[in-house]
Structures are given as structure tokens and as C-alpha cells.
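Colleague: Structure incoming, see below.
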Amino acid sequence: MARKGFERPERIQFNDDGYELDTLAVRAGQYRSEEGEHSDAIYPTSSFVYSSAREAAATFGGDEEGNIYSRFTNPTVQAFERRIAALEGGERAIATASGMAGIMSLCLSLMKHGDHVVCSRSVFGSTVSLFDKYVSRAGIETTYVDPKNLDAWRAAVRPTTKMFFLETPSNPLAELTDIAAVAEIAHAANAKLVVDNCFLTPVLQKPLALGADIVMHSATKHLDGQGRVVGGVVVGRDADMEEVFGYIRTAGACLSPFNAWVFQKGLETLPLRMRAHSEAALEIAQWLETQPGIACVYYSGLESHPQHALAKRQQSGFGAVMGFEVVAPAGEEKAAAWRFIDATQMVSITGNLGDVKSTITHPATTTHGRMSAQARAEAGIHDNLIRLSVGLESVEDLKADLLRGLAAI
Ligand SMILES: *Cc1c(COP(=O)(O)O)cnc(C)c1O
């Protein structure tokens with residue numbers, strides 16, 4: 001992995017082969033300069049210099065390896081890409097300006113006018129807007145299906161279908177999709193399966209090992225984990241990623257070196273954080289289920305979850321995010337949910353999630369507020385539904401805060 005101008009002993013660079021996930025999270029893909037820094041350097045530079053006109057020409061022409069311009073490559077960004085690729089078990093990763101930029105890049109680099117997408121109807125709201133308002137303008141149509149229903153995936157396939165897209169568990173109702181089964185259907189149709197792995201991360205779910213072709217992340221969520229910066233990444237085979245890279249370097253939806261550095265630091269603690277989030281969330285979900293003010297809890301770690309067996313099979317943990325419905329008389333649902341949220345003192349009232357700080361929101365009037373009332377009802381986003389992303393505070397303090405909410409319904 002030696003770079004132009006630097007010849008360093010192997011010992012300074014880390015070779016990913018044969019290491020466990022916890023080790024890769026800390027060490028994979030690090031790029032050390034000739035200074036031999038122990039931590040990761042940031043390269044806040046737009047362009048790179050050459051020792052001669054000949055070297056510049058050779059680098060621009062692709063005959064010599066090297067950086068040209070940070071819209072194309074940047075050492076800090078590449079270090080993050082190598083690390084997340086190692087964690088997901090993919091050949092190559094391409095970092096993007098945001099999670100949405102990642103999805104847009106996949107659509108415009110891997111499909112063309114006339115192609116077709118089959119998408120779970122339980123995906124992130126902006127993903128639906130992106131497909132319906134913008135990807136559609138490129139002549140690429142999308143059909144939405146119930147992600148739990150394998151026959152619906154099969155039935156939606158057209159001769160022009162090129163991509164399947166899903167997110168599991170879904171937000172905020174924790175509906176699961178059987179990744180291996182949907183991958184089989186996609187491959188039988190000669191389509192690629194893309195999985196948005198934002199909620200579980202490679203620590204708790206490895207879509208590529210289950211047969212998916214591409215994984216994407218809003219790195220903004222758990223990969224950073226501390227709510228600091230926006231970014232995204234897509235991971236997959238070299239050939240597909242080369243297409244995405246070509247699109248990004250041309251269209252410019254690239255990640256900044258500073259944000260890449262923040263994500264690189266985030267990945268170092270990702271395994272520890274995801275296990276702690278999962279453990280605390282399971283305890284909170286089980287406890288909420290026993291509270292008289294709670295009508296139901298949506299969390300794949302609960303025995304009462306209709307797809308708990310699938311969760312145990314395809315995930316190694318259940319993640320930070322859950323939904324729950326408060327008990328409220330007819331017509332009072334929204335008011336009761338708002339009273340619950342307003343009575344808490346510690347958890348942050350915000351639409352974000354996957355943070356070390358617990359966050360709470362009322363989906364019907366925030367994240368899903370732009371849907372019509374009928375579409376919300378069909379999607380199961382009821383007015384008494386609250387979404388909680390469990391952070392890393394003390395579980396006892398969290399329960400005490402949620403008890404304030406319960407007392408206020
Ligand atoms: C936040 C989010 C996105 C979008 O990512 P940005 O970084 O905000 O662009 C996509 N998918 C899921 C599941 C998300 O939670």
C-alpha cells in the first residue's frame with residue numbers, strides 16, 4: 001500500500017487479512033504518512049503537487065498512482081473507505097457527502113433511463129422522495145412493496161428491474177426483511193440488492209455475507225455516533241464501486257476529509273457502542289412492555305416481535321431504535337404522545353438517531369409529517385406512536401426519565 005514518494009516498512013501500515021471485526025474497527029485502512037503519526041492525519045487540501053511536469057502528466061494520465069484533487073481522492077477519505085469496507089466485508093467502499101448522496105450515486109451510476117427499482121415501502125422518508133421526485137426524472141421508475149412479503153418482491157419484478165432496495169429493521173416499526181431470501185429473488189431477476197444498513201451497522205448485521213450486493217450507510221448516524229457531521233458511504237464489489245467512484249468524482253457528491261476523519265474515529269468505538277446500545281435498548285424495551293401506559297413496543301429483540309426468529313438468525317443484536325405506542329383514548333392519541341415527550345427532561349427531542357445521547361420524537365408530526373394522514377395510517381404510523389433511540393446514558397436514569405413521560409400521558 002506504499003504511496004508515491006513514501007517507502008515505509010510494512011510494520012507501519014496495517015494489513016487487514018485475518019483479523020476480527022473489533023480489531024479492524026480500530027486499525028483497518030489506516031494511512032500513515034512518513035511522519036509515522038500513531039493516530040490518523042487529516043489532509044485538508046483541495047489538490048496535490050508533483051515534483052515535475054512529467055510526474056503530473058503521468059498521474060493525471062493514470063500511469064502513476066497518486067492523488068490529483070480531493071473531489072477524486074483524498075488520503076483521509078480513502079482511509080475511512082478502507083476501514084468501512086473491511087468491516088462490511090466488501091471489496092471497496094466509496095464515501096459520499098451524505099447518506100442520501102450515496103443512494104443518489106448508486107441510482108445514477110448503476111442504472112440508466114428505462115430501468116426499474118423494487119423498493120421496500122418501509123424505507124427512510126427522503127429515500128422515497130428521492131426515488132419519486134428525482135430519480136424518476138432520469139426515467140427510472142420505482143415500485144414499492146411490503147418488505148415482509150417475499151411474493152410481493154417477486155411480483156414487482158419487470159424485465160427492466162435493475163435494483164432492489166431495502167432497509168432492515170425499518171424505522172420506527174422495526175419491520176424486518178429476510179435479506180438472504182430477497183437477495184435470491186433479486187439475483188433470479190438479474191438485479192442487484194442494496195441494503196441500507198444504517199440501523200444495525202456491520203457490528204450487528206452483515207448484509208453482504210447474507211447475499212446483498214451493496215451496502216449503504218448514512219454515516220451521520222451510528223458510524224459517527226456522536227451527532228457531529230453528515231456523510232455517507234456505499235460498499236460493494238470493485239466493478240460496481242468503480243462506477244460509483246466515476247459518478248462521484250464527476251458529480252461532486254464527495255465526502256470532506258474532516259468528516260471522514262470524524263467517521264474514522266467513530267468506527268474505532270463502533271463495536272463497543274453498538275453492543276452497549278443494544279443491551280440498554282433491549283432492557284428498556286422489555287421494561288416498557290410491562291408498563292400499563294404502553295399499548296405496544298416495536299423492537300426486534302422482544303419475544304413478542306412477530307419476526308423475532310428472523311432477527312436472531314440474521315442479526316447479532318437488535319440495535320438502539322424502537323417504537324412504542326402510548327395508551328390514549330380515541331381522539332387524544334397525539335396529545336398523549338406529545339405530553340409523554342414534553343414531560344421527559346433528559347432525552348433529546350430531535351429527529352436524529354443513533355447517537356450516544358438518547359433521542360425521542362413523534363414520527364407522525366416530524367419524520368413522517370409530510371405523508372398524508374391516509375398514507376401514515378396505511379404505514380402503521382399512528383398518532384400515539386413515539387420513537388426512541390437509546391443512547392449510552394445510565395439505563396436507570398433513562399427509565400426515570402421515561403417514567404416522567406408515562407406519568408404525564
Ligand atoms: C438518516 C438516514 C438516511 C439519510 O442519510 P443522510 O446522511 O441524512 O443523508 C438514509 N437512511 C436511513 C435509514 C437514515 O436513517
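The values are calculated or read from the model by the stated rules, or taken from the named source; none is laboratory data. Given the structure is predicted, the values throughout are model-derived calculations rather than measurements. Heads up, the Cβs are rebuilt from the backbone with ideal geometry, glycines too, and the neighbour counts pull from every protein chain shown. We work out accessible area using only protein heavy atoms, side chains counted, and drop any ligands, DNA or RNA first. Shrake-Rupley method; radii C 1.70, N 1.55, O 1.52, S 1.80 Å.
Colleague: Please work out the FRET efficiency for the pair E378 and E91, using the Cβ-Cβ distance as r and a Förster radius of 51 Å; give the result to the nearest 0.05.
Modeller: Details: r = 39 Å, r/R0 = 0.77.
Computed FRET efficiency for E378 and E91 comes out at 0.85.
Colleague: I want to verify the translational diffusion coefficient of segment 46-103 in µm²/s; compute it with Stokes-Einstein, Rh as the Kirkwood radius over Cα pairs, at 4 °C and 1.567 mPa s. Numbers along the way, then the final one.
Modeller: Working: Rh = 13.0 Å.
Here the translational diffusion coefficient equals 100 µm²/s.
Colleague: Per residue and in Å³, how big is the convex hull formed by the alpha-carbon atoms of segment 272-408?
Modeller: Dividing the Cα hull volume of segment 272-408 by its residues yields 107 Å³.
Colleague: How big is the C-alpha Rg of segment 139-180 next to the rule-of-thumb value 2.2 N^0.38 Å, as a ratio? Please report the intermediate quantities before stating the final value.
Modeller: Working: Rg = 11.2 Å, N = 42, 2.2 N^0.38 = 9.1 Å.
After normalising by residue count via 2.2 N^0.38 Å, the value is 1.22.
Colleague: Further question: Taking amide H positions as placed 1.01 Å from N in the peptide plane, with prolines and chain starts having none, which residues 5 or more places from C296, or on another chain, fall under 5 Å of its amide H?
Modeller: E325
Colleague: Can I ask one more? Debye sum, Cα scatterers, segment 133-280, no solvent: what log₁₀ I/I(0) at q = 0.10, 0.11, 0.18 1/Å?
Modeller: One equal scatterer on each Cα of segment 133-280 leads to -0.39, -0.48, -1.21.
Colleague: Can you tell me the 0 to 90 degree angle between the C-alpha axis of helix 270-289 and the longest principal axis of the chain, rounded to 10?
Modeller: 10
Colleague: Roughly speaking, what is the centre-to-centre gap between segment 171-217 and segment 249-324 when only Cα atoms are used, to the nearest Å?
Modeller: 15
Colleague: Here's another thing I want to ask about it. Angle, helix 99-110 long axis vs. longest principal axis of the chain, Cα atoms, 0 to 90°, nearest 10?
Modeller: With rounding to tens, the tilt is 60 degrees.
Colleague: Continuing with this model, one more query. Over what distance in Å are the Cα centres of segment 110-139 and segment 341-409 separated?
Modeller: The two parts, judged by their Cα centres, are 28 Å apart.
Colleague: At most 12 other Cβ atoms within 10 Å and a DSSP loop assignment: could you name the trypsin sites (Lys or Arg not before Pro) in segment 363-401 that fit?
Modeller: On the way: sites: R370, R376, R387, K399; in loops: R370.
The qualifying sites are R370.
Colleague: So, one more: Taking only the alpha-carbon positions of segment 94-172 and ignoring solvent, what does the Debye formula give for the base-10 log of I(q)/I(0) at q = 0.18, 0.21, 0.22, 0.25 Å⁻¹?
Modeller: The Debye formula, applied to the Cα set alone, gives -0.72, -0.97, -1.05, -1.29.
Colleague: Could you tell me, in Å, what Rg and Dmax come out for the Cα atoms of the chain?
Modeller: 22.2, 77
Colleague: I want the antiparallel fraction of DSSP beta bridges within the chain, as a percent rounded to 5.
Modeller: 55
Colleague: What's the angle, to the nearest 10 degrees (0 to 90), between helix 179-188's Cα axis and the longest principal axis of the chain?
Modeller: Between helix and principal axis, roughly 60 degrees.
Colleague: Pop out the carbon and sulfur fraction of the accessible area of segment 21-268 as a percent, whole number, probe 1.4 Å.
Modeller: Result for segment 21-268: 52 percent of the exposed heavy-atom area is carbon or sulfur.
Colleague: Taking 0.36 nm per intervening residue step and subtracting the Cα-Cα distance, what contour gain separates V230 from A58 on full extension?
Modeller: So the extension gain works out to 58.5 nm.
Colleague: Skipping prolines and chain starts, which residues have an amide H placed within reach, meaning under 5 Å, of the one on F165, given they are 5 or more residues away or on another chain?
Modeller: Sorted by chain and number, the residues that satisfy this are V118, C119, S120, V194.
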